[in-house]
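The block underneath contains the structure these notes are about, expressed in structure tokens.
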Amino acid sequence: MGKKQTYEELEQRIKELEKEAGARRQTEDALRREKTRLESLIEHSALAIVTLDEKHNIVSCNHCFEELFQFKESDITGKNLDEVIAGQEYIRDATSYTKKTLKGAPIYGLGKRYRKDGTLIDVEFHGVPVVVDGTVIGAFGIYQDISERVRSEEHTSELQSHSFISYAVFCLKKKTHTYYLQSHSFVSYLYSLT
């Protein structure tokens with residue numbers, strides 16, 4: 001009878017192990033699906049995304065990052081992101097954002113970064129820390145080229161300043177009473193912009 005009981009215990013243990021193995025497979029499948037989703041999001045995003053380790057060295061980047069900054073992933077893997085795209089002129093600013101991200105704070109900013117060919121571009125950027133069990137193990141850098149938007153805003157601002165000057169000159173040509181009314185209107189308009 002002792003053997004029969006031992007055999008039944010072994011049979012029960014096998015069933016428990018099979019159940020545990022099934023649960024483990026389900027967990028592994030779920031992790032694999034989530035990893036695939038994240039990789040797909042990064043790879044097919046219209047934004048330039050770079051994956052970084054805990055020292056802010058490049059682990060990988062998507063195709064948009066390669067296009068925006070003109071670097072191949074294989075040429076920059078293992079290198080410090082700030083040293084690759086910030087240049088000496090903007091390294092201090094970039095490093096201050098990096099420090100915040102590596103302390104676990106998500107960041108957002110606007111700035112200038114360099115392409116491989118030395119072209120300076122205006123970018124909007126986000127730094128997203130990857131935190132596991134309270135420890136930052138890496139980060140994502142997300143970039144968007146806003147050079148056209150910045151040029152457009154500068155052009156619009158320039159046009160507005162020219163129209164203000166033209167308006168002020170027009171007002172000076174009027175009689176004193178009209179000048180007062182026009183300048184009052186002009187000042188009111190300026191206050192409305194702030």
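The values are calculated or read from the model by the stated rules, or taken from the named source; none is laboratory data. Computed from a prediction, not measured in an experiment: that's the story for all the values here. Here the Cβ positions follow ideal geometry from the backbone for every residue, glycine too, while neighbour counts run over all protein chains shown. We work out accessible area using only protein heavy atoms, side chains counted, and drop any ligands, DNA or RNA first. Shrake-Rupley method; radii C 1.70, N 1.55, O 1.52, S 1.80 Å.
Scanning the stretch 123-146 for residues that are over 22 Å from E43 (Cβ atoms) and touching a strand residue (DSSP E or B) at 6+ places or on another chain (Cβ under 6 Å) gives V136, I146.
One residue alone among I58, I42 is part of a helix (DSSP H, G or I) and within 15 Å of G138 (Cβ to Cβ), and that residue is I42. Screening E39, E8 for residues that are surrounded by 10 or more Cβ atoms within 10 Å (Cβ to Cβ), among the charged types (D, E, K, R) and within 29 Å of P106 (Cα to Cα) leaves exactly one candidate, E39.
Given the structure, is F71 buried (at least 16 other Cβ atoms within 10 Å of the Cβ), touching a residue at least 60 places away in the same chain (Cβ under 8 Å) and closer than 18 Å to I42 by Cβ? No; evaluated as a whole, the condition is false for this residue.
If the condition is being among the hydrophobic types (A, V, I, L, M, F, W, C) and not in a strand (DSSP E or B), then the stretch 122-148 contributes only I146. Taken together, I107, I121, I142, I137 contain a single residue that is in contact (Cβ under 8 Å) with a residue 12 or more places away in the chain and open to solvent by less than 20 Å² (accessible area, probe 1.4 Å), which is I121. The requirement of being open to solvent by 70 Å² or more (accessible area, probe 1.4 Å) and modelled with pLDDT of 80 or more is fulfilled nowhere in the stretch 157-167; no residue meets it.
In the set (1) at pLDDT 95 or above; (2) touching a Phe, Trp or Tyr at 6+ places or on another chain (Cβ under 9 Å); (3) farther than 19 Å from H126 by Cβ, G87 fails one condition alone, (1). Considering (1) open to solvent by 80 Å² or more (accessible area, probe 1.4 Å); (2) out of contact with any strand residue (DSSP E or B) (no Cβ under 7 Å at 6 or more places or on another chain); (3) under 21 Å from L120 (Cα atoms), the lone condition that T95 does not fulfil carries the number (1).
For (1) over 22 Å from T135 (Cα atoms); (2) among the hydroxyl-bearing types (S, T, Y), each residue gets a yes or a no:
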residue: E18; (1), (2): yes, no
residue: E28; (1), (2): yes, no
residue: L31; (1), (2): no, no
residue: K35; (1), (2): no, no
residue: E43; (1), (2): yes, no
residue: L47; (1), (2): yes, no
residue: T51; (1), (2): no, yes
residue: S60; (1), (2): no, yes
